[in-house]
Amino acid sequence: MLRWTVPVTPDADTARQWATDELAKSAYHRGDSLFDRLGAWISEQLAKLLDRTGGADFPPIMYLVGALVIAAIIVVAARIALPAMRQRGRAASAFLLDDDTRTGSEIRNAAQSAAAAGDHTLAALEYFRAMVRGCEERVIIDERAGRTAREAARDIARSIANHQDTLRAGAITFDELCYGHRDGTAADVDAMAALDAAVSRTKAMNMVAS
């Protein structure tokens with residue numbers, strides 16, 4: 001049989017600690033500093049309220065209810081804010097090669113160095129960039145500012161046969177890693193290196209007859 005062991009009338013310090021402990025649970029935080037700051041601000045406002053009331057006039061369940069309501073607000077805010085933040089990231093984040101003057105070989109060397117250092121995310125990104133820069137150098141696609149990974153994959157696929165699926169998959173992986181949706185893995189590096197090598201060996205369709 002369950003027993004209610006919470007003090008009937010906690011003092012302000014005890015009530016504040018209950019609320020702080022509740023808000024600190026991992027379910028209310030997703031590692032994003034924006035929500036960490038939001039949680040800290042809400043906790044501070046709750047502490048001020050408790051200081052004013054002295055924590056003596058509210059039944060203990062109200063403090064837990066208040067913490068849960070605040071947590072719900074944070075979750076709702078996260079669901080609203082995260083898609084907007086991601087959309088801004090898609091609009092503003094890394095175009096493939098803007099302001100990057102490296103040759104395909106230089107980018108490829110950078111990818112190999114990153115892989116050797118265990119930086120799988122950077123290595124995978126650099127292999128994809130090397131593949132795109134190589135296609136620009138071979139005039140398979142034009143050099144164009146503001147090109148995204150998916151646009152590059154689409155443009156290259158129009159001129160190179162049999163790589164549409166791997167190009168599309170590489171572009172999706174590039175976006176996931178570039179926008180911070182996940183960290184790169186050794187498998188990502190291998191896949192991007194293989195894509196770079198395969199595309200580098202393949203002639204453009206309009207060059208086959210020459």
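The values are calculated or read from the model by the stated rules, or taken from the named source; none is laboratory data. For clarity, every value in this text was computed on a predicted model and none was experimentally measured. FYI the Cβ positions are ideal-geometry reconstructions off the backbone, even for glycines, and counts take in every protein chain you see.
List of remarks:
- Only one of Ser200, Ser159 that is modelled with pLDDT under 95, under 19 Å from Leu97 (Cα atoms) and small (Gly, Ala, Ser): Ser200
- Some residue of segment 122-145 being touching a Lys or Arg at 6+ places or on another chain (Cβ under 6 Å), in a helix (DSSP H, G or I) and not basic (Lys, Arg): yes
- Every residue from segment 109-142 that is surrounded by fewer than 19 Cβ atoms within 10 Å (Cβ to Cβ) and within 23 Å of Thr185 (Cβ to Cβ): Asn109, Ala110, Gln112, Ser113, Ala116, Ala117, Gly118, Asp119, Thr121, Leu122
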